[in-house]
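Everything on this sheet refers to the single structure shown next.
Every read-out reported here was derived from the displayed coordinates using simple, explicitly stated rules and does not represent laboratory data. Model, not experiment: these values are computed from the prediction. Neighbour counts run over all protein chains shown; Cβ positions are idealised from the backbone, glycine included.
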């Protein structure tokens, strides 16, 4: 028997005055990379990257479950409130986790809503990071569906979320990884996918902030799958064009959750993105 090289631990941070017990997985040695999962899922989406001996030989990867997701429980008193993720709470959570881990200007890599918040952080807190990899991310994506369908007494919110995501997974994805990816959405907690979508589909504050991103100090690279219907290649290209100096790569044969749905095809694009990031000399 041999264990995978991934180590999982908990840390406690304070976000908006509330204690949050956060689950973090880590692997590798070298310059730090902080990884953010999509809406309605968890850190398991990054399992292949954290198990990649080639990538972890030069980088130490950290991936954490947002509060309410995966192994990170909701805060005390959650039973009396409605979960609705906000830009402010998301930013504070990422910064608090990075600080608690003692990371010195890590690369920030996020997918979907994680990519959106990576761009927000590039605009507002670039000094805390050495570069940004925004995967399946754009300036704003208004909902073309009713998010309330993802939290109803007569429908399973997780399975509804998986149904939505299934249309955004590439037909080239291996069947086993497609279903592993969908399972993470199916297992989502009550109302969590809806609460994440409240952030993803209603907050358009990033649009006015893109031009202030300084890629000379912290590079920004966007990755987008050609089969992503939620954040299309056109959406990603439009967003990159609004950020002076940003770059964008369209990943053929990939969809909305590339690191999980088709890890082998995603790897070369992610490896290239890492080489585009500026790493502090003292890391």
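Given the criterion in contact with a strand residue (DSSP E or B) (Cβ under 9 Å, 6 or more places away or on another chain), part of a loop (DSSP other than H, G, I, E, B) and touching a residue at least 60 places away in the same chain (Cβ under 8 Å), identify the matching residue among 259, 277.
Only one candidate qualifies: 277.
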Residue among 67, 74 that is within 22 Å of residue 203 (Cβ to Cβ), assigned to a loop (DSSP other than H, G, I, E, B) and more than 18 Å from the chain's Cα centre (by Cα) = 74
Of all residues in the stretch 100-119, how many are surrounded by fewer than 21 Cβ atoms within 10 Å (Cβ to Cβ) and within 24 Å of residue 143 (Cβ to Cβ)?
-> 0
What are the pairs, 6+ residues apart or on separate chains, where a residue within the stretch 180-200 that is at negative phi and free of Cβ contacts under 8 Å to residues at least 40 places away in the same chain has its Cβ under 8 Å from a residue that is surrounded by fewer than 24 Cβ atoms within 10 Å (Cβ to Cβ) and part of a helix (DSSP H, G or I)?
-> 182/162; 182/166; 183/162; 186/158; 186/159; 186/162; 187/158; 190/157
Would you confirm whether any residue within the stretch 216-238 is over 26 Å from residue 43 (Cα atoms) and in contact with a strand residue (DSSP E or B) (Cβ under 6 Å, 6 or more places away or on another chain)?
-> yes
Which numbered condition residue 62 fails, given (1) surrounded by fewer than 24 Cβ atoms within 10 Å (Cβ to Cβ); (2) assigned to a loop (DSSP other than H, G, I, E, B) = (2)
Only one of (1) touching a residue at least 40 places away in the same chain (Cβ under 8 Å); (2) surrounded by 16 or more Cβ atoms within 10 Å (Cβ to Cβ); (3) assigned to a helix (DSSP H, G or I) fails for residue 83. Which number is that?
-> (3)
Note on the stretch 100-122: residues out of contact with any strand residue (DSSP E or B) (no Cβ under 8 Å at 6 or more places or on another chain) and either free of Cβ contacts under 8 Å to residues at least 60 places away in the same chain or farther than 27 Å from residue 268 by Cα (or both) are 102
Output for the stretch 92-113, where each listed residue is closer than 17 Å to residue 30 by Cβ and in a loop (DSSP other than H, G, I, E, B) | 101, 102, 103, 104, 105, 106
Answer yes if at least one residue in the stretch 42-59 is in contact with a strand residue (DSSP E or B) (Cβ under 6 Å, 6 or more places away or on another chain) and part of a loop (DSSP other than H, G, I, E, B), and no otherwise.
-> no
Which number in (1) crowded, with 22+ Cβ neighbours inside 10 Å; (2) in contact with a helix residue (DSSP H, G or I) (Cβ under 9 Å, 6 or more places away or on another chain) marks the one condition that residue 227 misses?
-> (2)
Give 240, 264 a once-over and let me know the one that is within 24 Å of residue 55 (Cβ to Cβ) and crowded, with 16+ Cβ neighbours inside 10 Å.
-> 240
